[in-house]
Every structure is written in C-alpha cells, then in structure tokens.
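Input: a single structure, listed below in structure tokens.
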Amino acid sequence: MKKLVFIALLSAAAIISCNNQQVKEQESKQEQENKPEKMLRHVVLFKFKDSATTEQVKAVEDAFRELPSKIKEIKDFEWGINNSPEGLNQGLTHCFFVSFANEADREVYLPHPEHKAFVEVLGPVLDKVTVLDYWAQQ
C-alpha cells in the first residue's frame with residue numbers, strides 16, 4: 001500500500017512538473033510574440049531662433065505632426081517640449097521622435113516631398129538642429 005501511495009505521489013509530481021514546464025514554455029513564446037518589433041528611431045531636436053514668434057513655432061509643430069498622415073513609411077511618431085529641470089538642453093526645446101521599420105523607409109522619408117515642404121516651414125525659424133538615428137534595443 002505504501003508503495004502504491006509513493007508511486008502515485010511520484011507520478012503526480014512528475015505530471016505537475018511537466019505541466020509547469022509547458023506553462024513556462026507557453027509564457028516564453030507569448031512574450032516573444034508580444035515583443036515589439038525592432039524599430040529604427042529618428043530623433044530630431046530643435047532650437048528656434050530668438051526672433052521666432054509663437055505662431056511660427058506652432059506652424060512648425062503642426063507641420064511636423066502632419067507628416068505621419070502624409071508619409072506612410074512613418075510607423076510611429078511622438079513629440080514634446082523640453083521640461084527637464086537639469087538645464088542641459090543647450091537651448092534645444094523641441095523633440096520629435098519618428099520611427100521606421102527599416103532603413104529603406106527612412107530613405108524614402110528623407111527626400112520625400114512632404115518632408116521637404118516641412119523643412120521649408122522650419123528653415124526660417126530654426127537656429128539649431130540635432131538629429132540622431134538608432135536601432136531600438138530591448
């Protein structure tokens with residue numbers, strides 16, 4: 001009788017162990033499937049001329065925000081105005097964050113007529129620009 005109980009307990013432990021392993025494998029597979037795809041990030045930082053009016057800066061913001069609806073290669077877009085208390089922005093006030101699936105999409109974006117039209121709006125009020133592109137790491 002003790003032998004049967006022991007075998008039953010051992011069998012139950014083996015089944016539980018196998019089920020736990022299957023659950024872990026399934027969770028790992030789901031994590032891989034839910035992991036965001038690798039994206040090419042294009043970070044653009046602006047410092048406007050001191051003479052730029054509020055209306056001119058708003059026109060630049062609006063024109064940049066419209067680009068994702070005009071250029072299908074843009075996969076994601078966000079922007080904001082510096083609010084860091086550190087004071088290390090070197091006069092740069094606006095950050096625009098454009099994402100592409102690959103370098104070929106970025107190559108379409110850069111000379112795209114809508115991007116060039118945006119640069120025409122930006123040019124007269126731009127003092128300094130910094131651009132940094134990188135592949136997002138997880």
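Here, each number is a calculation from the coordinates, and none is a lab measurement. Because the structure is predicted, anything quoted here is derived from the model rather than measured. Glycine also receives a Cβ, built like all others from the backbone with ideal geometry; neighbour counts cover every protein chain displayed.
The H on the amide N of N82, modeled in the peptide plane, is under 5 Å from the matching H of H94, C95, each at least 5 residues off or on a different chain.
Couplings 3J(HN,Hα) for region 92-97, derived from phi with the Karplus relation 6.51 cos²θ - 1.76 cosθ + 1.60 (θ = phi - 60°), are 6, 10, 10, 10, 10, 10 Hz, where x marks Gly and Pro. So which GluC sites (Glu not before Pro) in region 47-132 end up in coil per DSSP with only 13 or fewer other C-beta atoms within 10 Å? Here the GluC sites (Glu not before Pro) that fit, given the DSSP loop and packing criteria, are E86. Taking amide H as placed 1.01 Å from N in the peptide plane, the amide H of D127 sits under 5 Å from that of K47, F48, K49, each at least 5 places away or on another chain. For region 40-135, the calculated P(r) over all alpha carbon pairs, in 5 Å bins from 0 to the bin holding the longest distance, is 3, 13, 24, 26, 19, 11, 5, 1 percent.
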